[in-house]
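*Asks:* Have a look at this one before I ask anything.
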Amino acid sequence: MSEPSYKKVTADLLKTMHAPRRLYYVLLALDLLVLAIGIFSWAYQIKHGMGSSGKNNPVGWALYIATFVFWIGIGHSGTLISAILFLFRCKWRNAVFRTAEAMTLFALTTAGFFPLIHLGRPEFFYRLFPYPQNGDLWINFRSPLTWDVFAVVTYMVVSALFFFTGLVPDLAVIRDQSTGWPKKIYGFLALGWKGTDRQWHHYTSAYFLMAALATPLVISVHSIIAWDFAMSIVPGWHSTLFAPYFVTGAIHSGLAMVLTILIPMRRIYRLEPYITPSHLENIAKLLIFTTLIMFYSYSTEFFMAWYSGNIFEQEIFLYRVVGDYAFVFWIMVVFNAILPLLFIIGEIRRSPFWLFILSILINIGMWSERFVIIVTSLAHEYLPAAWGLFEGPTWVELGIIAGSFAWFFLWFLLFVRFFPIISITEVKELLPQPLKSEGGK
Amino acid sequence: MKSSCRIIGHFEHADTFLNALRRLKKEEGIVGIRTFSPIPMHEVEQILGKKRSPIRFFSVFGVLFGGISAWLLASYGSLQYPLITGGKPIIAVPAFLVIVFEFMILFGALATILGLLIYIRLPKFRVESGYDSAFSVDQFGIRVRCPAACSEVVQQILQDSGADEVSHERH
């Protein structure tokens, strides 16, 4: 099969930005409706207090923090694909990294809301930042929750810079292909990029450095999120396994979300020549790897509880398997650590239909994992007299969580409308250069 | 330079473009060579003899600055209101290292982008002379700034190498 020319690649990939079909507006309207429900729910919670979200002793952290951890995790595979696979020189990433990176950014913007929603008094959010507050009291730099603020803000800023840096050459392409006010706007965003030898020389160097900085960052962020739990002495949380376990889980859920988004997108925008079955298969192969680690982590948690001889640890893990939330636990195990092993079968790994179905199941499984970790440990701590159940979910909580998904997809809908969802420049880099000696193209 | 001119060669093929660049680089007296391409090309860097980009020094500076400032911030903030929490010392090395690490990455990234903008001289919103919108799509370009006396030689090299179009600007 002959390779497309640079001109055809440019035309094909810019087509995704053309006037959208009616389906786009229907999706946008639905999304805005759900977002409005989310905003209303949050406003209701602010007015009536945190009790309206079903939070009470002993389960004071519930769906908001579970969803916060879930969204942060979703962001991780974007950096994995854009930075880590870039450092490993995996060429197949070129076609999918833009979408994954956008997903990272939007997932982080969504995640960032949850600590604020959980605050109860969100107007005091600025007290999370380091400055001398009442009586020269600063934030507690020894608290994992403070580390969290630094980690998430850093991750958000670095992801945004990395995303924008990668976008600049493509913005110049759009500028050069448009007229009127879009030319002015894209020209402004492209910063005056011209693709000169000097620009490419420094750009490739800076891009490499950004990838090198983003790689340890992505590992650190979910490790710090894990330490939010592991630094406490709550049974089921207080474990050194938590950081690598969370990082793997984050990549696992993020890769699944990349598939959930890419598969319908390549179909709707007719991007099959660019996002080929082999791209999807490669993501599925990464998922086999993360599934095996998930399986190992789940098993190790139980082994550690048993081998430690600590009755509280043993009790909490037994509670997870047969207790009040056992059905969520089994969803977690089956959807995260067993069903994705079906990707070992080549036909399933290469079938977009099965990839899509399994990716959604993994997303459900990973959200369940966050729920199991948070709710079961809090519901069943040390003192039997203090045991209790989660009093939700309430409509307020569900409305806010639905709204968070709408917020995430709203950004995605805007992104696909105004930016190329596949990097034009990096796809061209994969093609053989046009040569006169070979007859040219 | 009494009077100089700019000559721009447009190429549809990478091999003719690189060939022209090699010949221009060998020619004595031609120094103001600028190329345009839709993708980064290592061959261009080799022919033009580019040295490693100094942006890495910005990154190192940013990383060090971030690390030190985070340590100072955490220590200062903790000493201002010395309250022992979690049984940890006021200056808690392992706890502060987390914040130090995050600031190292944050400032390293910010400094890298700053270095990039400085070295590629962006943002710049005026039109670069000789730039053609096809250079971002599928064409390669060479712009040579040279004394008027050299212009014929340059034009000849570009044409002989297979340029699809050669244009000329006098200043």
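*Asks:* Spot the failing condition for B:L110; the list is (1) within 30 Å of A:A172 (Cα to Cα); (2) open to solvent by 80 Å² or more (accessible area, probe 1.4 Å), and only one is missed.
*Replies:* (2)
*Asks:* Which fully enclosed helices (runs of 4 or more DSSP H) of segment A:98-190 have 2 or more residues being at the interface with chain B (Cβ under 9 Å from one of its Cβ atoms) and surrounded by 20 or more Cβ atoms within 10 Å (Cβ to Cβ)?
*Replies:* By residue number, A:144-177.
*Asks:* Mind listing just one residue for me: the one in segment B:125-152 that is more than 7 Å from chain A (Cβ to nearest Cβ) and among the small types (G, A, S) and, of those, most open to solvent (accessible area, probe 1.4 Å)?
*Replies:* The qualifying residue most open to solvent (accessible area, probe 1.4 Å) is B:A149.
*Asks:* Do you know which residues across segment A:209-231 are touching a residue at least 60 places away in the same chain (Cβ under 8 Å), part of a helix (DSSP H, G or I) and either acidic (D, E) or within 9 Å of chain B (Cβ to nearest Cβ) (or both)?
*Replies:* Selection gives A:M210, A:A212, A:A214, A:L217, A:S220, A:V221, A:I224, A:W227, A:D228.
*Asks:* Please work out which one of (1) at the interface with chain B (Cβ under 7 Å from one of its Cβ atoms); (2) touching a residue at least 60 places away in the same chain (Cβ under 8 Å); (3) not β-branched (V, I, T) is the condition A:H202 fails and give its number.
*Replies:* For A:H202, the exception is condition (2).
*Asks:* Go through A:F124, A:F106, A:F70, A:F113 for me and flag whichever is out of contact with any strand residue (DSSP E or B) (no Cβ under 7 Å at 6 or more places or on another chain) and closer than 30 Å to A:V427 by Cα.
*Replies:* A:F106
*Asks:* Kindly indicate the residue of segment B:113-124 that is open to solvent by less than 50 Å² (accessible area, probe 1.4 Å) and of a type in the set (A, V, I, L, M) and also nearest to the chain's Cα centre (by Cα) among those meeting that condition.
*Replies:* Ranking the qualifying residues of segment B:113-124, first place goes to B:I120.
*Asks:* Kindly establish whether A:P144 is closer than 29 Å to B:S75 by Cα, free of Cβ contacts under 8 Å to residues at least 60 places away in the same chain and touching an Asp or Glu at 6+ places or on another chain (Cβ under 9 Å).
*Replies:* no
*Asks:* Determine which member of the set A:I374, A:I357, A:I364, A:I401 is out of contact with any helix residue (DSSP H, G or I) (no Cβ under 9 Å at 6 or more places or on another chain), in a helix (DSSP H, G or I), under 22 Å from A:F70 (Cα atoms) and modelled with pLDDT of 90 or more.
*Replies:* Exactly one of A:I374, A:I357, A:I364, A:I401 is out of contact with any helix residue (DSSP H, G or I) (no Cβ under 9 Å at 6 or more places or on another chain), in a helix (DSSP H, G or I), under 22 Å from A:F70 (Cα atoms) and modelled with pLDDT of 90 or more, namely A:I357.
*Asks:* For segment B:107-124, what are the residues that are at the interface with chain A (Cβ under 7 Å from one of its Cβ atoms) and either part of a loop (DSSP other than H, G, I, E, B) or free of Cβ contacts under 8 Å to residues at least 24 places away in the same chain (or both)?
*Replies:* Result: B:I113, B:I120, B:L122, B:P123, B:K124.
*Asks:* For B:A95, state whether it is facing chain A (nearest Cβ under 7 Å), part of a helix (DSSP H, G or I), under 18 Å from B:F65 (Cα atoms) and modelled with pLDDT of 90 or more.
*Replies:* So B:A95 fails the test.
*Asks:* Okay, next question. Any residue that is closer than 30 Å to A:F302 by Cβ and buried (at least 22 other Cβ atoms within 10 Å of the Cβ) - is there at least one of those in segment A:382-389?
*Replies:* no
*Asks:* What residue, among those in segment B:22-44 that are facing another protein chain (nearest Cβ under 9 Å) and within 14 Å of B:S161 (Cβ to Cβ), is least open to solvent (accessible area, probe 1.4 Å)?
*Replies:* Out of the qualifying residues, it is B:T35.
*Asks:* While we're on this one: Can you confirm whether segment B:55-68 contains a residue that is at the interface with another protein chain (Cβ under 9 Å from one of its Cβ atoms), open to solvent by less than 40 Å² (accessible area, probe 1.4 Å), without any contact (Cβ under 8 Å) to a residue 40 or more places away in the chain and farther than 30 Å from A:I185 by Cβ?
*Replies:* No.
*Asks:* If a residue must be outside any loop (DSSP other than H, G, I, E, B) and touching a Leu at 6+ places or on another chain (Cβ under 8 Å), how many such residues does segment A:412-441 contain?
*Replies:* 3
*Asks:* Which numbered condition trips up A:F242, out of (1) away from every other protein chain (no Cβ under 13 Å); (2) more than 17 Å from the chain's Cα centre (by Cα); (3) surrounded by fewer than 20 Cβ atoms within 10 Å (Cβ to Cβ); (4) farther than 26 Å from A:R98 by Cβ?
*Replies:* Going through the list (1) away from every other protein chain (no Cβ under 13 Å); (2) more than 17 Å from the chain's Cα centre (by Cα); (3) surrounded by fewer than 20 Cβ atoms within 10 Å (Cβ to Cβ); (4) farther than 26 Å from A:R98 by Cβ, A:F242 breaks only (3).
*Asks:* Also, I was wondering about something else. Pick out the one residue from A:T79, A:T10 that is crowded, with 16+ Cβ neighbours inside 10 Å, among the hydroxyl-bearing types (S, T, Y) and under 18 Å from the mean Cα position of the chain (by Cα).
*Replies:* The conditions single out A:T79.
*Asks:* May I ask you to say which residue of A:S232, A:S297 is open to solvent by 10 Å² or more (accessible area, probe 1.4 Å), on the phi < 0 side of the Ramachandran plot and among the polar types (S, T, N, Q)?
*Replies:* Answer to the selection: A:S232.
*Asks:* Take the conditions open to solvent by 30 Å² or more (accessible area, probe 1.4 Å), charged (D, E, K, R) and more than 9 Å from every other protein chain (Cβ to nearest Cβ) and apply them to B:R52. Does it pass?
*Replies:* Against the criterion (open to solvent by 30 Å² or more (accessible area, probe 1.4 Å), charged (D, E, K, R) and more than 9 Å from every other protein chain (Cβ to nearest Cβ)), B:R52 does not qualify.
The values are calculated or read from the model by the stated rules, or taken from the named source; none is laboratory data. Just so you know, these numbers come straight off a predicted model, no measurement behind them. In this analysis, Cβ positions are derived from the backbone assuming ideal geometry, glycine residues included, and neighbour counts consider all displayed protein chains. Remember, those area values only see protein heavy atoms, side chains included, never the ligands or the DNA or RNA. Shrake-Rupley method; radii C 1.70, N 1.55, O 1.52, S 1.80 Å.
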